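Okay, so here's the structure we're looking at.
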Amino acid sequence: MLEMNQDPLNPVINAVQGIYGRKDQAHDLEHALRVREWGKKIGIQESADLVIVELAAILHDIGRSGTLSRTHAESGSALAGGILQKCGYPENIIEAVKTAVLSHSREGYEPETLEAKILYDADKLDFVGPIGIARLFAWAGKEGKPFFGPDSCESFYRERISHYHKHLYTETARVLFEPLFLYSENFWSELEKMRLKKD
Ligand SMILES: [Fe+2]
Ligand SMILES: [Fe+2]
């Protein structure tokens, strides 16, 4: 019997658990579930279809170990379709989720629907603040990147993450982003002070 407060998206979460288990800590199931929470927060304020936003968030990074000829968003979108079909979702929801996953990293596809825009924004919120910093260092450690210098944690932050606020689609995300972004900016200026200086 269905428990009163059982998460209706559990079948989908169970289906992706194994896939996310093979990813690094920056892109694991916890990341997807945090993006789901951000998505819910933004979606409520922006009057979006929450089922689509939440499903897209849970599924958005499942394509990260796909083939090199496709982006992780392209692989993820195709995989997401199969999973949702198996879980019995109707075609209109499947198509909307696939569209959102496909454009979540803006690699060749721009988010056009409200739900796709919210997924993009929700994903970006997980790049800033304490979690964002932890994720950046987890990812860099796995990739063997240094803290400072070219192709480092710092360069990834300065060249990419610190510009994310300029591309957010929703006002709700911009408001949520601001304090976390300030936290990250402060962290990097404090870290810079502790950096070994060459004379
Ligand atoms: Fe992604
Ligand atoms: Fe992500």
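The values are calculated or read from the model by the stated rules, or taken from the named source; none is laboratory data. Everything numeric here is computed off the predicted structure, so don't read it as measured data. All Cβ positions, glycine included, derive from the backbone under ideal geometry; neighbour counts span all protein chains shown. Protein only, heavy atoms only, side chains kept; ligands, DNA and RNA dropped before computing areas. Shrake-Rupley method; radii C 1.70, N 1.55, O 1.52, S 1.80 Å.
Of Val128, Val101, all but one fail to be under 17 Å from Ser189 (Cα atoms), open to solvent by less than 70 Å² (accessible area, probe 1.4 Å) and within 12 Å of the chain's Cα centre (by Cα); the exception is Val128. The set of residues from region 68-85 being more than 16 Å from ligand 2 (Cβ to nearest atom) and touching a helix residue (DSSP H, G or I) at 6+ places or on another chain (Cβ under 7 Å) comprises Gly81, Ile83, Leu84, Gln85. If you filter region 23-37 down to residues that are away from ligand 1 (no atom under 13 Å from the Cβ) and in contact with a Lys or Arg (Cβ under 9 Å, 6 or more places away or on another chain), you find that the one that is most open to solvent (accessible area, probe 1.4 Å) is Gln25. Annotation: of all residues in region 47-76 being open to solvent by less than 20 Å² (accessible area, probe 1.4 Å), of a type outside the set (Gly, Ala, Ser) and assigned to a helix (DSSP H, G or I), the one that is nearest to ligand 1 (Cβ to nearest atom) is Leu59.
Suppose we filter Tyr157, Tyr109 for residues that are in contact (Cβ under 8 Å) with a residue 12 or more places away in the chain and surrounded by fewer than 20 Cβ atoms within 10 Å (Cβ to Cβ); which single one remains? Exactly one residue qualifies, and that residue is Tyr109.
Looking at Lys117, Lys98, Lys124, Lys40, just one residue is more than 13 Å from ligand 2 (Cβ to nearest atom), among the basic types (Lys, Arg) and in contact (Cβ under 8 Å) with a residue 40 or more places away in the chain, and that residue is Lys117.
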